[in-house]
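Each remark here refers to the structure printed beneath this line.
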There are 4 protein chains.
Amino acid sequence: MLAYINITPAGTGEETKELIAKAVKIIEKSELDYQFTSMGTIIEGEWDEIIFLVKKCHDEIKTFADRIVTTITIDDRKDLKNRLKNNVLEVEYAIGGNLKTGGIT
Amino acid sequence: MLAYINITPAGTGEETKELIAKAVKIIEKSELDYQFTSMGTIIEGEWDEIIFLVKKCHDEIKTFADRIVTTITIDDRKDLKNRLKNNVLEVEYAIGGNLKTGGIT
Amino acid sequence: MLAYINITPAGTGEETKELIAKAVKIIEKSELDYQFTSMGTIIEGEWDEIIFLVKKCHDEIKTFADRIVTTITIDDRKDLKNRLKNNVLEVEYAIGGNLKTGGIT
Amino acid sequence: MLAYINITPAGTGEETKELIAKAVKIIEKSELDYQFTSMGTIIEGEWDEIIFLVKKCHDEIKTFADRIVTTITIDDRKDLKNRLKNNVLEVEYAIGGNLKTGGIT
C-alpha cells in the first residue's frame, strides 16, 4: 500500500527543515521505497511497516516540539504492487506523454 | 504558496487513472509549476491560481463520477518562493546527501 | 457539498486557540451551516461559498502567523443536500442506535 | 492525543453508509472517547490505541471494497488531556459564546 506522510511541528518557529531532516534520515535508513517531496513523503509498504516508520519519525520530532500534527493517508488496493512508480507511469501512458514527476529537474 | 491536491472519485470502480489523466492534462496546460506523484499533485502558485485550477479539475472529473472527494492542503509562508524545489534542496542540504525525490528514477 | 476545514498556524507557539477563535467568528457570521469540532470545522455550502469563507479565515490568521497550513477536504455528491445532519442520521439508522455526535455532551 | 479519521471506500458505488456503519460499530465498542461527524470520526487516546482501532476499521471495510483510502490526522500535544471537549470549550470561552458543535441539534 501507498502512504502519504506529512509531519508539521508547531510551537517551534516556522523553520522546520532541521526537524524534517531528522525524520527523513529515519525513512532513508528503512528498507521501504519512498519519495520525498516539498509537501510530504510517500512510502510504499505494508500497514505495520508504514506505521512503525511513521511512529519513529513522529517520536523523534516530538522530542523537539511541544505539538506535532501528523497526517497519514493510506491508499490500499488489494491487487497492485510497485504503485509508487506504476501509478505515475500509468497516468503518463493514459495521457500519452511525460509529466513533471521529480522535485528537482 | 504550495498546494498538495488529491482528487478521489467514488462510485466509478477503482480504476481512476483515466479520470486522473483528465485532471493532470488541465494542470499541465496551466502555467503553474507542478509535480505529479503517485498520491497527488503538488502545485505552486497564488491562492486564486491554485483554487481556479483545482476547481477546473474537480468539475471535469465530476462529469464522470457521482461523488468526488477533493483534498487541498495549502502551505503558505510569507517570505519564500520556489518552494517546490527549494524545500527539497534545503532538507537535502541539512542531511548532507541526496534523497529519492522523483517518481521515476 | 460538505467541506472539512483545518487551519494550523505555525511559528506562533502552540497556543492557537485565540487564532482559531478569530476564524470561527468569521464562519459563525456567515450564513452557511457548520459544525465546530476539536479537530476542525465542517461547513455545508456550494464550492464558491466554501472557498470564499476559508480564504477569509486563512487571510485573517495570516496576519498573525508567518506560516499557515490550511487543509480543505470537499466531499461533493450530485444528488444530496443537508448532509451535515443527514450523513450522521443515516449511519445511526444503519446501526440502529445513537452515536456520540456532539463535542460537548 | 486526538485523531481525525476518514475512511473512503472506492469501487463500491457511492453509497458507503453501510460500510461506515460497520466501522463506527467497532469504534463504539472500544473504550476510547469519540465523536462521529458527517465527514469523519474524532478519537481521543494514545498512539497505539488509536492505530489499533483504525486498523480494525480499515480491515473490516477492506473485506467489502477493492480499494480504501484511509486518512489519519494525529494532533499530539505533550501537556493536555480531554481535548475532544476542552478544545471546543476553550474556543467558545475565547469568543465568549456558544458555537454549533453537534451533528444533530
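The values are calculated or read from the model by the stated rules, or taken from the named source; none is laboratory data. All figures in this text were calculated on a predicted structure; none of them were measured in a lab. Here the Cβ positions follow ideal geometry from the backbone for every residue, glycine too, while neighbour counts run over all protein chains shown.
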- [ ] Could you tell me which numbered condition D:Asp76 fails, if it satisfies all but one of (1) within 20 Å of the chain's Cα centre (by Cα); (2) of a type outside the set (Ser, Thr, Tyr); (3) part of a loop (DSSP other than H, G, I, E, B)?
- [x] (3)
TODO: Collect the residues in segment C:55-105 that are of a type in the set (Gly, Ala, Ser), in contact (Cβ under 8 Å) with a residue 24 or more places away in the chain and at the interface with chain D (Cβ under 8 Å from one of its Cβ atoms), keeping them in residue-number order.
DONE: C:Gly103
Task: Breaking point among (1) within 25 Å of D:Thr63 (Cβ to Cβ); (2) not in a helix (DSSP H, G or I), for A:Phe52 - done: (2)
Open item on the list: Exactly one of these conditions fails for D:Leu99: (1) more than 22 Å from C:Ala21 (Cβ to Cβ); (2) assigned to a loop (DSSP other than H, G, I, E, B); (3) among the aliphatic types (A, V, I, L, M). Give me its number.
Closed with: (1)
Open item on the list: Name the residue that is nearest to D:Phe64 (Cα to Cα), counting only residues in segment A:62-101 that are surrounded by fewer than 19 Cβ atoms within 10 Å (Cβ to Cβ) and among the small types (Gly, Ala, Ser).
Closed with: A:Ala94
- [ ] Determine which member of the set D:Ile27, D:Ile20 is among the aliphatic types (A, V, I, L, M), modelled with pLDDT of 95 or more and farther than 16 Å from D:Gly102 by Cβ.
- [x] D:Ile27
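Residue-wise test of (1) buried (at least 23 other Cβ atoms within 10 Å of the Cβ); (2) at pLDDT 95 or above.
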residue	(1), (2)
D:Ala10	yes, no
D:Glu15	no, no
D:Ile50	no, yes
D:Lys56	no, yes
- [ ] Test each condition in (1) buried (at least 19 other Cβ atoms within 10 Å of the Cβ); (2) not in a helix (DSSP H, G or I) for D:Glu31 and report the one that comes out false.
- [x] (1)
Task: Residue list for segment B:23-51, filter: touching a residue at least 40 places away in the same chain (Cβ under 8 Å) and of a type outside the set (Ser, Thr, Tyr) - done: B:Asp33, B:Gln35, B:Phe36, B:Ile42, B:Ile43, B:Glu44, B:Gly45, B:Glu46, B:Trp47, B:Ile50
Task: Residue in segment B:25-52 that is farthest from the chain's Cα centre (by Cα), counting only those that are at the interface with chain A (Cβ under 7 Å from one of its Cβ atoms) and either hydrophobic (A, V, I, L, M, F, W, C) or farther than 21 Å from A:Val88 by Cβ (or both) - done: B:Met39
